Amino acid sequence: MNTEPLKYGRFYHIYNRGINSCALFREPTNYEHFLGLYNKYITPVADTYAWVLMGNHFHLLVRIKSETEVLNLEGFKNLQDLNRNRVNQQFANLFNAYTKAYNKRYHRTGSLFEHPFRRICIRSEAHLKYLVYYIHHNPIHHGYCEHYLDYPWSSYLTILSPKQTRLKRKDVLEWFRDADRFKGYHSKQSIDRYQKFHLDFICSSRP
């Protein structure tokens, strides 16, 4: 598994699951709280292009901001030791804050997420496009719903919405050329290709 520190300016598929595959999200307030913490800890250091939260795992497509972008952020510019490890620390802060709230809510103790979180560097636009599909297809693949529009805890609806968002919606639609092609790409992909893509990702993350 690749555990190298996240590098500035790179695209990553970041994913993780509950320890021993335990539940991460039991009710809507859990999803909402995680997204609130995500905005607090991750948005300052990374742009988000796609995401999905599932019962016991999640997937993200992000680009770590450039070193200059991060250094210029309020709250970071005075840090003398800001480096690649600082970006990793923001993810650790997210997981720790969510674990603390989750454990308090459900009267449990100990770790909630597997450690370290998994990350795969993405190096081609074709891979980025397919990863967007892969992330959005997760709820269908795992039997949570039959159509993308029926699952509320992913970026699919946000990408097609006119509402203001921090998600890099414009960039994603440009990868597919427009919204119609975005929807078409999602509708024509097969389960076999989905599974092969997932296998390729796992293999590419090994040393």
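Read the figures in this text as sums done on the coordinates, not as results from a lab. Just so it is clear, the model here is predicted, and its values are computed rather than measured. Using ideal geometry, Cβ is built from the backbone for each residue, glycine included, and neighbour counts are taken over all protein chains shown.
Assuming R0 = 30 Å, can you tell me the calculated FRET efficiency for the pair S124 and K104, based on Cβ-Cβ distance, to the nearest 0.05?
Values: r = 42 Å, r/R0 = 1.41.
Computed FRET efficiency for S124 and K104: 0.10.
As a quick test, which of the pairs K129/K188; K65/K163; K129/K168; K40/K65 have an alpha carbon distance above 20 angstrom in this structure? Please report the intermediate quantities before stating the final value.
Values: K129/K188 13 Å; K65/K163 24 Å; K129/K168 13 Å; K40/K65 15 Å.
Too far apart for the 20 Å limit: K65/K163.
By the gyration tensor of its Cα atoms, with a ≥ b ≥ c the square roots of the eigenvalues, what is the shape of segment 11-204: rounded for a/c under 1.5, prolate for a/b over b/c, or oblate?
Oblate, because a/c is 1.5 or more while a/b does not exceed b/c.
Simple spin-label model, 7 Å along Cα-to-Cβ: K188 to H115 in nm?
In this crude spin-label approximation the distance works out to 4.6 nm.
By count of other Cβ within 10 Å, fewest leading, how are I14, I159 ordered?
Details: I14 20, I159 24.
By the 10 Å Cβ count, ascending, the order reads I14, I159.
Quote the FRET efficiency, to the nearest 0.05, computed for R10 versus T165 with a Förster distance R0 of 25 Å and r equal to the Cβ-Cβ distance.
The computed FRET efficiency comes out at 0.65.
Give, in nm to one decimal, the length gained when the segment between E27 and H142 is fully stretched (0.36 nm per residue of separation minus the Cα-Cα distance).
Going from the current span to full extension adds 39.6 nm.
Computed FRET efficiency, Cβ-Cβ of E67 and N39, R0 25 Å: what is it to the nearest 0.05?
It comes to 0.70.
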